[in-house]
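Derivation of every value follows stated rules applied to the coordinates shown; laboratory data play no part. Predicted model, so just to flag it, every value in this text is computed and none were measured. Because the Cβ atoms are built from the backbone with ideal geometry, glycine has one as well, and the counts that use them run over all protein chains shown.
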Amino acid sequence: MVDGAAFLTTKLTSRIRVLNVLPVGTADAQMLDAVSDRIEVVNRPLSPEELDAFRDDQVEAMLGSRSPLLWGGLPRLRWLQLASAGVDRVVDDPAFTHGVTVTNARGVYSIPIAEYTIWALLDHNQKASARRRLQMERSWPANPDAAAGALLRGQTLLIVGYGSIGRETARLASAFGMRVVAVKADPSRKVDDGFCPQGTGDPAGVLPEQIAGMDALAFLARTADALVDTLPLTKATRGVISAQVIDALPPHAALINVGRGATVDTGAMVRALDANQLGAAYLDVFAVEPLPGDDAMWSHPKITITPHVSGGGAQDPTLLFELFAANLKRYLAGDQLLNVVDRARGY
């Protein structure tokens, strides 16, 4: 017979092996080690091929971009912390099919992506392209309005998807005096219970003038000076920025996509741009990446393309390790982890 109290004591005092397969600096490694003397952190940067061949039957928790494709390598894995916020590329990851708890990096990349969005808004409203062209031509316009910008203050920003990225975007846009409205799958859930770096975002969901359901998207688009798409890619969000939504936007509006490329009907977007029924598009994500070199969007005068860099490729990875450390503490305590992924919903 197993003594219940003795088993629990062993469970609480046994060491837990944690595998990190990402490069880590000294300070971040020390932060993970300092979480608890109950954990043994193994920092071993591994390529995808090396991860698939890796074997360790003691690893319980892991930080990486995915789990091994062959499940036998980490048979005791109970929790996978993803390095990415989006999970559309790993929905078939073996971790999901083996009942492992998967958490994503929601909140880690919200700061650079929100700043990218503000850059796009300023670039559009300050006529940056026209100003650069005038400089290249060494031309001083007879009509100063040709290079005069418009204020963000007083404009309406429609945020589609009010997660960590949308909330940090709302905070920055509000500082510029913009009117913020948002749509999300469940507008009744205003509070953000995911990872949120201190001083950022809108954890209580109080910044938007209105938070509506996705069914209100086309209606709210009619008065939007800009629409920013922060959506993950799921069955429900594929093509949700539809021709109906794009046609509802005012002719001067900008469409900014920092979510996933396939959430936007790009054909309808290009047609609206060609017909001067949409002011500009700023695209950091695409249905096919890299964007093929022969795609006409590369040379479209009203489209600004960036190669999926809004998340800040050179940013300090400390926030990711802070999230992992916070979740390690929760894991040890048996508490609910931050950013648990619902595979059925796709985020």
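Summing +1 for each Lys or Arg and -1 for each Asp or Glu among the other residues whose beta-carbon sits under 11 angstrom from that of Asp316 gives -2.
In a DSSP loop and with at most 16 other Cβ atoms within 10 Å, the trypsin sites (Lys or Arg not before Pro) in the range 133-177 are Arg138, Arg153. With neighbour counts taken as other beta-carbon atoms within 10 Å, the residues His300, His98 rank, fewest first, as His98, His300.
Each label point is 7 Å from the Cα along the Cα-to-Cβ direction; what then is the distance between the points at Trp298 and Glu137, in nm? Label at Trp298, label at Glu137, 2.6 nm between them. Give me the aspartates and glutamates in straight-line cross-link reach of Lys235: C-alpha distance below 15 Å, same-chain residues under 8 apart excluded. Answer for Lys235, where 15 Å is the Cα cut-off: Asp88, Asp92, Asp265, Asp342, listed by chain and number.
With neighbours defined as other Cβ atoms within 10 Å of a residue's Cβ, the residues Ser36, Ser84 order from fewest to most as Ser36, Ser84. Cross-link partners of Lys127 among aspartates and glutamates, defined as those whose alpha carbon lies under 20 angstrom from its own and excluding same-chain residues fewer than eight positions apart: Glu115, Glu137, Asp145, Asp225, Asp274, Asp284. Residues Met136, Met269 in ascending order of nearby Cβ atoms (within 10 Å, fewest first): Met136, Met269. Relative contact order for the chain: 15 percent, from Cα pairs under 8 Å spaced at least 6 residues apart, divided by residue count. For Ala216 and Arg89, a Förster radius of 30 Å and the Cβ-Cβ distance give a FRET efficiency of 0.55, rounded to the nearest 0.05.
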